[in-house]
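The structure under discussion appears below in the form of structure tokens.
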Amino acid sequence: MHWHSSEVMTRRSESNQIHLSAQPDDSPGDPNRRHFLEKSLGVAAFGAVSVMGIGSAMAQQRGRKTGFAYSDITLNYSLGPGHPESPRRLQDLMQRVRDSGVLKHTQPVAALEKTEPFLSRVHSAAHIDSVRNKANHASVAAMEALRLSLGSVRDVCNGSINNAFCAIRPPGHHAHNNGADHDGVDAGEGFCYFNNVAVAARYAQSLPGIEKVLILDWDYHHGNGTEWSFYDDPSVFFFSTHEWKTYPGTGSPDRTGEGAGEGYNLNIPLEAGASDDDIIRAFEDHAASAAEKLQPDLILISAGFDSRVDDRIGTFKVTDDGFRKLTRLTLDLANQYCAGRVVSVLEGGYNPQGLALAATAHLQTMVDG
């Protein structure tokens with residue numbers, strides 16, 4: 001099964017009319033959601049394209065140098081009552097960025113329709129077909145999340161914006177080639193279907209002047225899918241902080257790459273309860289050296305906010321101020337090496353209110369530049 005452009009547009013049009021069929025108990029539907037999204041984006045009505053893609057005229061406004069990628073298509077699936085990867089994650093995030101006022105200082109990012117050949121450079125045909133053949137809300141959301149990630153890379157690399165944040169779900173950094181059903185569960189691996197950051201890196205490398213990509217992953221969990229994607233590739237440096245002794249059980253510090261990619265994979269495991277100081281020190285001591293070694297043309301962030309204090313799954317104690325500092329460190333590296341080009345892609349974060357606060361702090365720091 002393949003999705004042609006006309007079918008994608010039809011799915012998008014239909015998706016904007018579909019309510020969540022099975023929402024988790026802790027994420028009740030918000031009847032005002034469409035209203036506040038329209039109001040916050042300055043859009044009179046939703047059309048057949050993604051929410052953030054409608055404002056092409058808005059994207060031309062001067063002074064807005066941070067992009068914001070979002071579509072309510074990614075709200076239209078649930079993994080079951082009480083599941084931590086719930087629509088409420090983005091509902092609360094959108095409410096917070098609107099109420100804080102930061103959203104009005106960003107410009108919308110339109111999804112990139114073309115995902116090939118970049119998707120196939122990361123995932124096998126069997127894996128891609130496994131996800132697409134589901135033909136359900138989750139598979140449609142996974143494709144939309146990927147397109148928004150690629151659209152953000154496009155706009156950052158062509159200079160129309162300096163940096164961008166992708167408020168998307170499902171996450172992606174665990175995705176290998178395991179198909180849509182992992183261990184008998186219809187939720188991909190680690191709730192991931194396509195590896196958004198990995199495919200974004202391959203897409204970036206097809207653009208003029210972008211050869212080397214640094215990926216910084218501060219999710220509580222190790223990005224095993226991203227490591228797998230580039231383990232023998234010296235053109236992409238993967239750096240990860242994570243709790244080693246939890247899912248997925250990977251991320252050993254002795255995993256440093258192989259072949260030509262030896263030395264271009266750096267895992268910095270942190271202990272349970274890691275604080276702001278712990279994770280910031282890891283970035284100051286090691287992410288900076290990774291950037292110096294690679295001399296990147298673009299920095300991608302796997303922005304997992306399950307590292308935040310009070311997450312439902314993670315045990316780290318990183319605060320919103322800690323995420324501000326991590327963001328500032330990343331922006332400084334980007335200014336030093338790659339003309340400020342940064343694309344941040346949402347990964348985990350399973351306390352919806354905590355995710356909303358941390359992501360807003362992250363976005364505000366990107367806007368402040």
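Where a number appears in this text, it was derived from the coordinates with a stated rule and is not lab data. As the structure is a prediction and not an experimental result, all values here were calculated from the model. Backbone-built Cβ (ideal geometry, glycine too); neighbour counts: all protein chains shown.
Using r as the Cβ-Cβ distance of Asp254 and Arg312, and R0 as 30 Å, what FRET efficiency do you calculate, to the nearest 0.05?
Details: r = 31 Å, r/R0 = 1.02.
Once the sixth-power term is evaluated, E becomes 0.45.
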Inset, instruction - Pull up all non-local amide H partners of Ser344: gap of 5 or more, or a different chain, and H-to-H distance under 5 Å with H placed in the peptide plane. - result: Ala164, Phe165, Cys166, Ile301
Legend entry - From phi via Karplus (6.51, -1.76, 1.60), per-residue ³J(HN,Hα) for the stretch 195-207 in Hz, x at Gly/Pro: 7, 4, 5, 5, 5, 4, 5, 5, 4, 4, 5, 8, 8
Legend entry - Those lysines that a straight Cα-Cα span of less than 21 Å connects to Lys293, excepting residues fewer than 8 apart in one chain: Lys212
Inset, instruction - Could you tell me the distance between the Cα centroids of the stretch 346-369 and the stretch 241-264, to the nearest Å? - result: 26
Legend entry - Straight-distance crosslink candidates among lysines, where the alpha carbon sits under 17 Å from Lys245 and sequence neighbours closer than 8 are dropped: Lys317
Inset, instruction - Report, in whole Å, the centroid distance computed from the Cα atoms of the stretch 117-174 and the stretch 212-238. - result: 16
Inset, instruction - Would you kindly state how much longer the chain becomes between Glu262 and Asn158 on full extension, computed as 0.36 nm times their sequence separation minus their alpha carbon distance, in nm to one decimal? - result: 34.4 nm
Legend entry - Candidate lysines for bridging to Lys65, where Cα separation is under 17 Å - those fewer than 8 sequence places away on the same chain excluded: Lys104
